[in-house]
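Contents: one structure, followed by commentary.
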Amino acid sequence: MPTLPRITGTFLDEITHDIPSQNWGANQWRKEFELYKQIGIDTVIIIRAGYQNKCIFPATSIPDLLPVYEDIGEIFFSLADEIGLSVYFGTYDSGLHWHRGTWWKEVDVNKAFIDEAVERYGSHPSFKGWYLCHETSRNTTHIIELFNHIGRHCKAAKDLPVLISPFPQGAKQFSGGAVMSLDESIDHWGRIFDETRGAFDICAFQDGQIHYQELPRFVASIGELGAKHGVTIWSNLETFDRDMPIKFPPADWRYLRFKLESAAVVAEKIITFEFPHFMSPHSSYPSAHHLFERYREYCAAGSR
């Protein structure tokens with residue numbers, strides 16, 4: 001029997017933008033990182049190290065910063081050094097400048113933030129990449145300028161692979177006339193890729209905004225997109241459910257398996273948003289514990 005696809009990376013959301021904090025400390029993160037080593041997750045991606053006036057470390061580059069009582073970034077990097085995981089560092093999202101069209105202000109604060117991060121964490125052996133946290137569905141909000149300026153500054157500050165994780169303009173997140181066809185979404189991303197060559201290396205499209213029946217065609221299209229533009233394709237497997245009327249419960253295993261196996265056709269690596277909340281046996285959601293059990297059963301069946 002062929003080996004079944006596995007999740008080998010996860011985002012870490014510690015700014016609590018739209019999912020609740022689990023109030024984990026160093027001991028809980030140690031247990032979580034040790035679990036990752038056991039189950040084949042080798043990469044963790046800090047989805048955004050700073051958002052608005054919040055940050056995972058006491059950054060001097062962020063204005064009006066709320067109190068930071070613990071350097072969570074140092075916890076992540078130190079544990080990853082010890083346990084043998086790779087860390088991708090997520091950039092800063094003001095939640096303001098780029099949405100208002102003043103993209104250069106977003107770039108300026110990110111350049112200072114990136115330099116500060118390298119000074120603080122750059123010597124850690126586990127520092128293996130960057131994540132550009134400005135997520136969008138199409139060629140809007142000056143995303144080309146943001147990718148070009150912030151991505152290239154990441155590489156200048158510490159020359160490591162740069163990851164992005166955009167999404168299609170699909171029906172599960174948009175409605176009415178705002179929804180784009182897959183062809184329209186791919187046309188937008190083809191133009192973005194063409195005009196940002198060298199700014200990023202890896203693209204992990206999110207998979208939760210479109211209907212399940214659209215996934216095979218979407219996966220094939222992004223595989224072609226990556227091959228054409230020289231971008232490595234990963235998949236961002238969303239382990240939460242967009243089909244429920246609440247934000248956001250852990251996913252139904254049956255649909256998660258379908259997305260996992262669909263992505264594996266082209267993705268060189270499958271990462272997820274977001275294991276700690278939605279799939280970990282340590283999660284505050286009981287259904288996440290059950291989702292983890294189903295996933296472990298699946299993995300065990302594939303290794304027989």
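Rule-based calculations on the coordinates, nothing more; no lab input. Values in this document were obtained by computation on a predicted structure and should not be read as measured data. No Cβ is skipped: glycine too gets one built from the backbone with ideal geometry, and neighbour counts run over all protein chains shown.
Subtracting the Cα-Cα distance of residue 83 and residue 16 from their residue separation scaled by 0.36 nm leaves 21.6 nm.
Under 5 Å between amide hydrogens, built in the peptide plane, is the criterion, and for residue 93 it picks out 50, 51, 52 among residues at least 5 positions away or on other chains. In this calculation the C-beta distance from residue 187 to residue 42 is compared with R0 = 45 Å, giving a FRET efficiency of 0.85.
Extending 7 Å from Cα along the Cβ direction at residue 265 and again at residue 175 yields two label points whose distance is 3.0 nm.
Of the beta bridges in the stretch 9-302, as assigned by DSSP with both residues counted there, near 10 percent are antiparallel. Net length available on complete extension from residue 217 to residue 123 is 29.6 nm, with 0.36 nm assigned per residue and the Cα-Cα distance removed.
Convex hull of alpha carbon positions in the stretch 57-107: directionally averaged projected area 4.5 nm². Each Lys and Arg contributes +1 and each Asp and Glu -1, all at the Cβ; summed about the Cα centre of the chain, the dipole is approximately 460 debye. Structure note, pairs 111/155; 31/158; 128/155; 37/269: Cα-Cα distances above 22 angstrom occur for 31/158. Taking all C-alpha pairs of the stretch 9-302, those more than 33 Å from each other amount to 19 percent.
With +1 on each Lys and Arg Cβ and -1 on each Asp and Glu Cβ, how big is the dipole of the stretch 137-190 about its Cα centre, in debye rounded to the nearest 20?
Charge dipole, the stretch 137-190, about its Cα centre: 260 debye, nearest 20.
Each Lys or Arg adds one and each Asp or Glu subtracts one; over the other residues with Cβ under 11 Å from the Cβ of residue 85, this totals -3. You can think of it this way: the chain between residue 284 and residue 74 has 73.3 nm of extra reach, that is 0.36 nm per residue less the Cα-Cα gap.
Positive end of the dipole of the chain, charges at C-beta (+1 Lys, Arg; -1 Asp, Glu), about the Cα centre: which of 212, 109, 26 has its Cα farthest in that direction? Looking along the dipole axis, the top candidate is 212.
For residue 296 and residue 60, what does the FRET efficiency come to when R0 = 51 Å and r is the distance between their Cβ atoms, rounded to the nearest 0.05?
The calculated FRET efficiency here is 0.75.
Counting only DSSP H runs of at least 4 residues, each contributing -39500 (n - 2.57), and dividing by the residue count of the chain, the helix-based mean residue ellipticity at 222 nm comes to -11500 deg cm²/dmol.
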